[in-house]
Amino acid sequence: MSLKRAARVILIGAPGVGKGTQSERLLRRFPQLSAISSGDLLRDNVRNRTPLGIKAESAMRAGTLVPDDMMVRLILNELQTRGWLLSPSSPSPSRLTLSSNSSSPSSSSDFITPTALSAAYPTPQPSDLPSASFILDGFPRTAAQAAALDTAIPINLVVSLSTPLEIILSRIAGRWVHAPSGRVYNTTFNRPKVDGRDDITGEPLTKRDDDDEHVWRERLRKFDETSRELVDHYRAKGVLWEVQGASSDEITPKLFREFERRFVE
Ligand code: AMP
């Protein structure tokens, strides 16, 4: 299905709600959409040993957040490279380069604040072509990143996906894996042919170490804590849309309908 307007979208959802599934389904239904994953961009930079990649690597290894200024630089650079962020009065893509070092005014400092960012982009113009439509995955993660993004390319839909906690926990409790192959079963909706045995090899199924209810409760609590400032930020901007469902299949039609209402009709 063809979009009539540029969709600039973020999906927010706790682990276990099927954010990846919804994202894939949206990309399949609306081929003009692209997905940009901050984690993938970072891993590319680490692999290519760019200055930014080298700096980001230690935070990634430690499982902590990469500093906001680096993340903003990375994402805006990507949007600009794709031609979705235009700054007609100041053709300055080199100022937010990832590969230059001390010769670049922006990278001579390690920090780009939203104000410094607007100085680098005096009149940023997001492209409104439907082909400039994207889903951001993993960015923004903080209100400061969201604010910096707003100054350059305003997001026009933030989808907050939710599934009742008890449903997520029961799904996890029912999950069994065949470790050698990675095949996953679920005692409620995808049972193995023989209880406790892999369909193909007949070998015993096991639980994943992290499929423990306490571990999941803690992950979900942490998600609530960290996502709150983002949700509040976008609610205040009037672009937040909340959707609930017990399963991905229940959420998808609602999401498609909302997308069509906003970007197709
Ligand atoms: P992900 O693939 O989204 O889980 O990201 C992998 C790692 O990259 C994270 O653990 C962080 O260290 C870093 N990262 C990805 N996105 C961001 C972001 N928006 N802000 C800060 N760090 C990030």
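The values are calculated or read from the model by the stated rules, or taken from the named source; none is laboratory data. Predicted model only: the values in this text are computed from it and were never measured. Backbone-built Cβ (ideal geometry, glycine too); neighbour counts: all protein chains shown.
Of all residues in the range 45-70, none that is under 20 Å from residue 145 (Cα atoms) has its Cβ atom under 7 Å from the Cβ atom of a residue that is modelled with pLDDT of 95 or more and acidic (Asp, Glu), 6 or more apart or on another chain. In the set 11, 85, only one residue is at pLDDT below 90 and either within 16 Å of the ligand (Cβ to nearest atom) or within 29 Å of residue 235 (Cβ to Cβ) (or both); that residue is 85. Among all residues of the range 245-259, there is none that is surrounded by 13 or more Cβ atoms within 10 Å (Cβ to Cβ) and over 30 Å from residue 146 (Cβ atoms). Of all the residues in the range 23-77, those that are near the ligand (Cβ under 8 Å from one of its atoms), of a type in the set (Ser, Thr, Tyr) and not in a helix (DSSP H, G or I) number 2. Taking (1) at pLDDT below 95; (2) within 21 Å of residue 19 (Cα to Cα) in turn, residue 235 satisfies each apart from (1).
Within the range 139-180, the set of residues being buried (at least 16 other Cβ atoms within 10 Å of the Cβ) and part of a loop (DSSP other than H, G, I, E, B) comprises 139, 140, 141, 142, 153, 155, 156, 163. Scanning the range 204-224 for residues that are part of a loop (DSSP other than H, G, I, E, B) and exposed (fewer than 14 other Cβ atoms within 10 Å of the Cβ) yields 207, 208, 209, 210, 212.
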